[in-house]
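Asks: The structure's right below; bear with me while I get my questions together.
What follows is calculated from the coordinates using simple rules that are stated; it is not laboratory data. As the structure is a computational prediction, the values presented were derived from the model and not from experiment. Every residue, glycine as well, gets a Cβ built from its backbone with ideal geometry; the counts of neighbours run over all protein chains shown.
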Amino acid sequence: MAKKKQKKRKKKKSGTVPHELKEEVARELGFGNDIEDKGWANLTSRETGKIGGHIAKKLRKKKEV
């Protein structure tokens with residue numbers, strides 16, 4: 001029997017975004033009051049995606065410097 005070649009997988013970086021950064025970005029985008037009133041779980045997918053995109057952008061900028 002022939003052995004199957006296994007593909008090498010890229011290792012994902014372990015770690016999470018600090019909660020402070022998440023809150024900072026949410027406040028910058030104007031979601032601070034919504035989060036206080038409704039909580040994180042009740043944000044729309046569009047809002048959470050926007051927050052995540054801005055976090056990624058900030059992290060990329062931070063890495064460049």
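Asks: Among SER45, HIS19, ILE55, whose Cα sits farthest toward the positive end of the charge dipole of segment 19-64 (+1 at Cβ of Lys/Arg, -1 at Cβ of Asp/Glu, about the Cα centre)?
Replies: ILE55
Asks: Under a point-charge model restricted to the Cβ atoms of Lys and Arg (+1) and Asp and Glu (-1), what is the dipole moment magnitude of the chain relative to its Cα centre, in debye to the nearest 20?
Replies: Values: 21 positive and 9 negative charges, 293 e Å.
The dipole of the chain has a size of about 1400 debye.
Asks: Same structure again: Testing the spin-label approximation: label points 7 Å from Cα along Cα→Cβ at GLU23 and LYS61. State their distance in nm.
Replies: Taking the simple label geometry, GLU23 and LYS61 are separated by 2.1 nm.
Asks: Please work out how much length the chain gains when fully extended from GLU36 to LYS7, using 0.36 nm per residue of separation minus the C-alpha to C-alpha distance, in nm with one decimal. Before the final figure, lay out each step's value.
Replies: Values: separation 29, 0.36 × 29 = 10.44 nm, distance 4.56 nm.
Result: 5.9 nm gained on full extension.
Asks: Taking 10 °C and 1.306 mPa s as the conditions, I'd like the Stokes-Einstein D for segment 19-64 in µm²/s, using the Kirkwood hydrodynamic radius from alpha carbon pairs. Please list the in-between numbers first.
Replies: Values: Rh = 10.8 Å.
After rounding, the answer is 147 µm²/s.
Asks: Taking neighbour Cβ counts within 10 Å as the exposure measure, how do LYS38, LYS58, LYS7, LYS22 sort from fewest upward? Walk me through the numbers on the way to the answer.
Replies: Working: LYS38 11, LYS58 15, LYS7 5, LYS22 18.
Ascending number of Cβ neighbours within 10 Å: LYS7, LYS38, LYS58, LYS22.
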